Each structure stands twice: as C-alpha cells, then as structure tokens.
1. Which of the residues spanning segment 89-99 are in contact with a helix residue (DSSP H, G or I) (Cβ under 6 Å, 6 or more places away or on another chain) and either farther than 22 Å from Trp225 by Cβ or in a helix (DSSP H, G or I) (or both)?
2. Tell me, yes or no, whether segment 102-111 has at least one residue that is surrounded by fewer than 16 Cβ atoms within 10 Å (Cβ to Cβ), touching a residue at least 12 places away in the same chain (Cβ under 8 Å), assigned by TED's automatic domain parsing to the domain that holds Glu174 and within 20 Å of the chain's Cα centre (by Cα).
3. Write out, first by first residue and then by second, each pair whose Cβ atoms fall under 6 Å of each other, whose residues are 6+ apart or on separate chains, and whose first residue, in segment 181-194, is under 18 Å from Ala170 (Cβ atoms) while the second is of a type in the set (Val, Ile, Thr) and not in a loop (DSSP other than H, G, I, E, B).
4. Take the residues in segment 122-166 that are in contact (Cβ under 8 Å) with a residue 40 or more places away in the chain and of a type in the set (D, E, K, R), then tell me which one is nearest to Leu213 (Cα to Cα).
5. Restricting attention to segment 49-88, which residues are assigned to a helix (DSSP H, G or I) and exposed (fewer than 14 other Cβ atoms within 10 Å of the Cβ)?
6. Determine whether Ala238 is under 25 Å from Ala131 (Cβ atoms) and modelled with pLDDT under 95.
7. Can you spot a residue in segment 104-119 that is at pLDDT below 95, under 24 Å from Val231 (Cα atoms), among the polar types (S, T, N, Q) and part of a loop (DSSP other than H, G, I, E, B)?
Amino acid sequence: MTGPRSPRRVVSLVPSLTEAVAASAPELLVGITDWCSHPAGLGAARVGGTKNPDLGAIASLAPAVVLANEEENRPQDLAALRAAGITVLVTEVRTLDQAWRELTRVMVDGCGLSRPGWLADAEDAWRALPAPDAWRTAVVPIWRRPWMVLGRDTFAGDLLARLGVRNRYADHAERYPRIALEDLRAAGADLVVLPDEPYRFTADDGPEAFPALPAALLSGRHLTWYGPSLVEAPAVLAEALAAAR
C-alpha cells in the first residue's frame, strides 16, 4: 500500500466520500456537492450536484484532487476536469471488499492521509457479523414512477446478502432495471426492502404498493454509502430487517 503523503486540497463529488474525508481531516475539503449532507455544518464551498457540477467553480478552488465515482458522476464532467489539468480519482464500488480497497486508495493516495481508524472499525464490524441462519428473498425498489429496483452487481445488494437477504433481481442483465409493479408483486419474494434514498420511501409511501409483503424501511445512508456509516451499518440494517416480519 502506498504510504501517506502531504495532505492536499480536496473537492469531493460523492456524498459518502465527503463524509469519509470529513471524518478524518475536514480541513482538506474545499469543495463539496449540494447533496453532501453528512456530517452537518461542513464549511466547504458548494459546487453543484453530482450530475451537474459547476466545473468552473471547481477549477477556481485549485484542488489537488477531485474525488468521484464511476456511477454517481458523469464521464464527460470528469474528462473536462482532467482536460483542465485537475487530478481526478474515480472510485468503483460494487462490493464491500471493493469498498475497503477504494476507501484506502481515497484516503491514502487521494488525500495524503494515513489509513483512518474508522475504516478498520468498519471492517471489524462487518467481520463480526454472524453468518445468516435463515435467508429471505427481497425485491429492492430504489425508485417509483417508474418502478426501478436493484439488479446485478450493486454495493447495496452485496450488503443485503451479508445480512441474509437475497436480491430477487441479482441476476438481471441490468444493474437498475425498470420492472412493472405487477411483475414485482408476482416475483416470488417474501420481503420488500425500501431504502430512503435515492427515492425517499417512507411508511406512508411504498409499503402500500406491496400489501402482501412485509416491508423493511432502511436507511439509504447505511445501505448505499461507503464511508464511516459502514461502522454502524451492520447493526442498523440488521435491526430494520429483523423488524420486517
């Protein structure tokens, strides 16, 4: 593993990576997106959304590195930043094991820091998770109007599998397929998992569409973010899943 270098000015275009940097060295953050909500009170400049960043504003901050993600950020924006002479570190996270590697790369190679203690704590928390003693099959909507669900090769799907929940559409050709509601209801699942992001499913918005299934309302930050939230995610997610019986 590359050793730490001098810390540098960082722009983060990924909310979970913003939280990761802020947990270790918030003073490095000079630019963050409008969607970067954790932790509260960050003083860095806002540079637009993950899909529509203000490239001029980013360049004016003279960052040493911009943190991005291959799924959350548009390739054309990242290419434009590189063309302007800005170093862009792009992460790819589709499994928990991949998250450990990419977070190490972000913190050490990207930010010039030592590997943070919270990352080791997160690894320990997931390592201590007992093997599932029973399995359930779930449909996992992430949007409605139209209905979209988790498909193949997703970080959230990997976390759910470690908690004893099989994604009904894990073998789908698409990562986030659109599936008609009547097909979701007839998919043979025994659970519907409803995270509160990217669509904000709530007790009053989502479960009523699946009257025959128990509904697990999950924290999207704990299910889809890779960062310090992974420390408490096993306990938070397991509790919410256990309540959906």
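The values are calculated or read from the model by the stated rules, or taken from the named source; none is laboratory data. Because the structure is predicted, anything quoted here is derived from the model rather than measured. All Cβ positions, even for glycine, are placed from backbone atoms using ideal geometry, and neighbour counts span all protein chains on display.
1. Initial filter on segment 89-99 (in contact with a helix residue (DSSP H, G or I) (Cβ under 6 Å, 6 or more places away or on another chain)): 89, 91, 93-96.
Scanning segment 89-99 gives a single hit, Leu96.
2. Looking for residues that are surrounded by fewer than 16 Cβ atoms within 10 Å (Cβ to Cβ), touching a residue at least 12 places away in the same chain (Cβ under 8 Å), assigned by TED's automatic domain parsing to the domain that holds Glu174 and within 20 Å of the chain's Cα centre (by Cα), one finds none in segment 102-111, hence no.
3. That search, which allows pairs on different chains as well, returns Leu184/Val139; Ala187/Val139; Ala189/Thr137; Ala189/Val139; Asp190/Thr137; Val192/Val139.
4. Only one residue fits best here, namely Arg136.
5. Gly56, Ser60, Pro75, Gln76, Ala79, Arg82, Ala83
6. no
7. Yes, segment 104-119 contains a residue that is at pLDDT below 95, under 24 Å from Val231 (Cα atoms), among the polar types (S, T, N, Q) and part of a loop (DSSP other than H, G, I, E, B).
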